[in-house]
Amino acid sequence: MIKCRHNYKDSNFFDITLVKDDVKVSIFYGGNCDLVIQSDGNGPRIMKDNFDGEMTYIVTKDDEEYDCFNTLVDHILRNRKEDRHGLIDDNNVINWYSNDSYLEAANMLSIRRENEDIVLTFYHNKYNDLDFGVPVVITNSGCRYYTFNIYFMELYKNLQSYANRDINIFGLNKKSS
């Protein structure tokens with residue numbers, strides 16, 4: 001389910017929240033206009049390399065946000081030849097290390113297709129001492145995966161556009177035309 005609310009800093013933008021089971025994924029612009037994709041919830045915690053836990057959000061074909069995420073994956077994989085920093089692995093898994101930290105301490109968002117589902121896995125780096133969720137920052141300037149950040153901005157725009165069709169703000173329904 002997609003929920004959205006006006007961003008408290010700028011009423012022209014919405015904070016997007018995807019909710020399924022015990023996992024919540026928030027997509028919003030941070031204080032310096034960098035896009036943040038953050039997982040919150042009680043997902044399973046599994047050790048992996050520098051990561052002390054992970055949270056998984058699965059987008060199925062029946063979910064209203066499916067087309068937006070499917071477009072994101074298509075665009076990134078279609079432009080694979082521009083990947084100079086190992087964003088896409090040999091199995092077509094997209095591994096985005098958060099741009100707000102050096103690589104060894106960065107949280108990571110992994111996006112892969114599994115049959116028709118799109119699986120988002122957020123890995124919390126043990127050197128990142130945040131207590132809330134697993135934020136992954138997509139910067140607009142100084143991005144280590146330059147040009148691919150544009151596809152995440154497009155994802156946000158598409159989700160915002162989709163969510164604007166029926167918005168519930170503070171309990172009031174507002175339908176856009």
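This table checks each residue for (1) closer than 22 Å to residue 40 by Cα; (2) in contact with a Leu (Cβ under 6 Å, 6 or more places away or on another chain); (3) charged (D, E, K, R); (4) modelled with pLDDT under 90.
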residue	(1), (2), (3), (4)
109	yes, no, no, no
121	yes, no, no, no
155	yes, yes, no, no
160	yes, no, no, yes
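Could you say whether any residue in segment 48-69 is loosely packed, with under 14 Cβ neighbours inside 10 Å, β-branched (Val, Ile, Thr) and either at pLDDT below 90 or at positive phi (or both)? So far as segment 48-69 goes, no, none of its residues is loosely packed, with under 14 Cβ neighbours inside 10 Å, β-branched (Val, Ile, Thr) and either at pLDDT below 90 or at positive phi (or both).
Among the residues of segment 129-143, are any of a type in the set (Phe, Trp, Tyr), touching a residue at least 40 places away in the same chain (Cβ under 8 Å) and surrounded by 15 or more Cβ atoms within 10 Å (Cβ to Cβ)? No: zero hits. Give segment 105-118 a look and list any residue that's over 18 Å from the mean Cα position of the chain (by Cα) and surrounded by 15 or more Cβ atoms within 10 Å (Cβ to Cβ), or say none. Correct list: 105 only. Within segment 25-41, being modelled with pLDDT of 75 or more and not in a strand (DSSP E or B) holds for 30, 32, 33, 34.
Please indicate, with yes or no, whether at least one residue in segment 6-24 is modelled with pLDDT under 80, in a loop (DSSP other than H, G, I, E, B) and closer than 22 Å to residue 112 by Cβ. Looking for residues that are modelled with pLDDT under 80, in a loop (DSSP other than H, G, I, E, B) and closer than 22 Å to residue 112 by Cβ, one finds at least one in segment 6-24, hence yes. Annotation note: Cβ proximity below 7 Å between a residue of segment 68-95 that is among the small types (Gly, Ala, Ser) and a residue that is not in a loop (DSSP other than H, G, I, E, B) (sequence gap 6+ or interchain) occurs for no pair. What number of residues within segment 87-104 satisfy the criterion of being under 15 Å from residue 54 (Cα atoms) and either assigned to a strand (DSSP E or B) or more than 11 Å from the chain's Cα centre (by Cα) (or both)? Qualifying residue count, segment 87-104: 3.
The values are calculated or read from the model by the stated rules, or taken from the named source; none is laboratory data. Worth saying up front: this structure is predicted, and the values here are computed from it rather than measured. Every residue, glycine among them, receives a Cβ derived from its backbone with ideal geometry; neighbour counts consider all protein chains shown.
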